[in-house]
Amino acid sequence: MAIPATCSEVIQVQNVLSRRISANLLVFTVALLLATVGNFNFWSNFVHAVGGFSLARLPVLAGSFAIVVLLFYALLTPFSFRFVVKPALIAFLLTASASAWFINQYGVVIDKAIIQSIFETDTREATELLNWHMVLFVAVTGGLPSLLVARAKLQYPQGVRGIAQRAGIFAGALALAALLLVLLFKTLAPAVREHRELRYLLTPTNAVQALNGYLRNRWSTPVPLQEIGRDATKGSRWAGQTRRTVTVIVVGETARAANFSLNGYARETNPRLAHEDGLINFAKVESCGTATAVSVPCVFSAMTRERYDDNKAKHQEGLLDVLKHAGFRVHWRDNNSGCKGVCDRVEFVDVSNPSTGSRNCAGDECYDQDLLEGLPNLIRQSTKDLVIVLHQKGSHGPAYAHRYPAGFGRFGPVCNSSEFETCTRDSIVAAYDNTILYTDSFLADTIDLLRKTASESGVDTSMLYFSDHGESLGEGNMYLHGAPYLFAPSEQTHVPMMLWMSDGFSQRFRIDRSCLQARADQPLSHDNVFHSVLGMLNVETAVLNPKLDLFHACVRN
Ligand SMILES: [Zn+2]
């Protein structure tokens, strides 16, 4: 900026500075500043995540920038009142500036752990982190704008009109951001899914989120584990039986019912299961959530979807505990990212690590077939009745084409990239359909294994399969999953579920297959799983709700 030379110019500049500006304009300016100055690192990572900078990507980048500015504008607008707006904006500017320094300097992500170390390290350690470079950086990028905010003369929209104006800005900015998000979803969804670090890089929302998480952890009192089903025992149909039972529960990943040919999908994605004798396919099953972190704890809990509470689930025993109380040995094998607390008190084996040198692994991927490795041995050697959970990697996106071995690429051409905008919708769907074809084969192999051990090892076997949630594949320009349940399209909530029982299994528990078959088209949900597994295995306990037990009306006396 040129230095004013004359008195009249000095007076002009003073006039500009002394002019009152609208508080809303100041808030918008700060939103713009936060989105740019505070987020160099975020944007450079973001550009990389969407596949690098090019002219063709300019609309996506500009649109994303507009989304961030609009979001910040909406989030700051509720502060635009006299006495509140200046301290709030200054706090955001300084926080963003300090966060940006730490991210740039140390490559750290701003999360709960960082906040914890800031609050809980001694002052000597903390002062080591502070140095003159940082002070200078924060002074220029945070302090200078803060000074201008502090000096600004503001006019505030008054009364009811003022409130309405702010509400209008808040809703309008969010609506516009949402519209842009929908338009850019095909590119943004896989980029953000594949590069989760992005949400820790966007300042100051990362710092606010992390502080919130830290304080909640800090002030929450430890909750003792609530036991349920302590009264569980094996019921009367176990009397006089000498054969052990083995029940396999396959927890699918991101498999949507609509793409199973068993449910009428045009492509033959279930060539093996279609010929599986005695398999019962439940065609209308709704998931509890649209993401693994909700669905998996929910489906194993005694809570229904309507009553499900994430926090309560963490501190309450679930299906696997009740089965243990009844005397079963429970074993969880995982080819996913863990069991979300569901298997904390049972045997756990992680098969997802390629370093084990398993022949079912390629590159950094282990195919679901790995879950069956060593299973016959486990069954043979166990002295107790077994419940084995197999947690698939299934159809996890966006890199669908990485989920199955070469022999399963029946549909194509397939999208080989995580960058959806480089692929046609058909090629994305083709890759997804191949994952279902592979799951078809995996489930058929599981049934073969159980049929074989039933005859060779003298055990009675059964398998229950269901997916945790579905997936959007471009319907309404939506991809992946995780939409809020209330608005989630059926592609994300309609999941496959099927049951197979060896003859010995259904006979000993006197289960009427045709009665179950008749229920195959009834509307069911994850709510039924907890009670139906207990019902199928004739476990008697007060926590079993017969109304949700699929088997209740299908047992012959
Ligand atoms: Zn999932």
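Rule-based calculations on the coordinates, nothing more; no lab input. Just so we're clear, the structure is a prediction, and the values are computed from it rather than from any experiment. Backbone-built Cβ (ideal geometry, glycine too); neighbour counts: all protein chains shown.
Note on the chain: helix-only mean residue ellipticity at 222 nm, from DSSP H runs of 4+ residues weighted -39500 (n - 2.57) and normalised by residue number, equals -13500 deg cm²/dmol. Got a sec? Charge dipole of segment 233-554, +1 on Cβ for Lys and Arg, -1 for Asp and Glu; which of Val495, Val246, Ala266 is way out at the positive end? Value: Val246.
Residue-wise HN-Hα couplings along segment 186-191, as the Karplus relation 6.51 cos²θ - 1.76 cosθ + 1.60 with θ = phi - 60° gives them from phi, are 4, 8, 6, 4, x, 4 Hz; Gly and Pro carry x. Count Lys and Arg as plus one, Asp and Glu as minus one, and take only other residues whose Cβ is under 14 Å from that of Ser355; the net charge is then -3. Using the Cβ-Cβ distance between Arg513 and Asn416 with R0 = 35 Å, the FRET efficiency computed as 1/(1 + (r/R0)^6) comes to roughly 0.25. Computed on segment 233-554, with alpha-carbon pairs under 8 angstrom and 6+ residues apart, the relative contact order is 32 percent.
The charge dipole of segment 11-218, taken about the Cα centre with unit charges on the Cβ atoms of Lys, Arg (+1) and Asp, Glu (-1), comes to about 840 debye, rounded to the nearest 20. Along its principal axes, segment 233-554 has C-alpha extents of 62, 42, 38 angstrom, given from the largest down. Straight-line cross-link reach from Lys314 at under 16 Å between alpha-carbon atoms covers these aspartates and glutamates, not counting any fewer than eight positions away in the same chain: Glu227, Asp344. Taking 0.36 nm per residue of separation and subtracting the current Cα-Cα distance, fully stretching the chain between Ala293 and Arg272 would add 4.5 nm.
Comparing Leu180, Thr356, Ser80 along the charge dipole axis of the chain, the residue lying farthest to the positive side is Ser80, per the Cβ-charge model. Here is the P(r) of the chain: all C-alpha pair distances, binned every 10 Å from 0, give 3, 15, 22, 21, 16, 11, 7, 3, 1, 0, 0 in whole percents. Please give every one of the lysines within straight-line cross-link reach of Lys153, meaning a C-alpha to C-alpha distance under 22 Å, and leave out same-chain neighbours fewer than 8 residues apart. In chain and number order, the partners are Lys86.
Output the pairs from Lys234/Lys384; Lys340/Lys393; Lys112/Lys340; Lys234/Lys547; Lys186/Lys312 with a Cα-Cα distance over 24 Å in this structure; if there are none, say none. The answer is Lys186/Lys312.
Note on segment 388-433: Cα Rg divided by 2.2 N^0.38 Å, N the number of residues, gives 1.20. A Förster radius of 22 Å, combined with the Cβ-Cβ distance separating Ala66 from His195, puts the computed FRET efficiency at roughly 0.65.
The label point for Asp310 and the one for Asn217, both projected 7 Å from the Cα toward the Cβ, are 1.5 nm apart.
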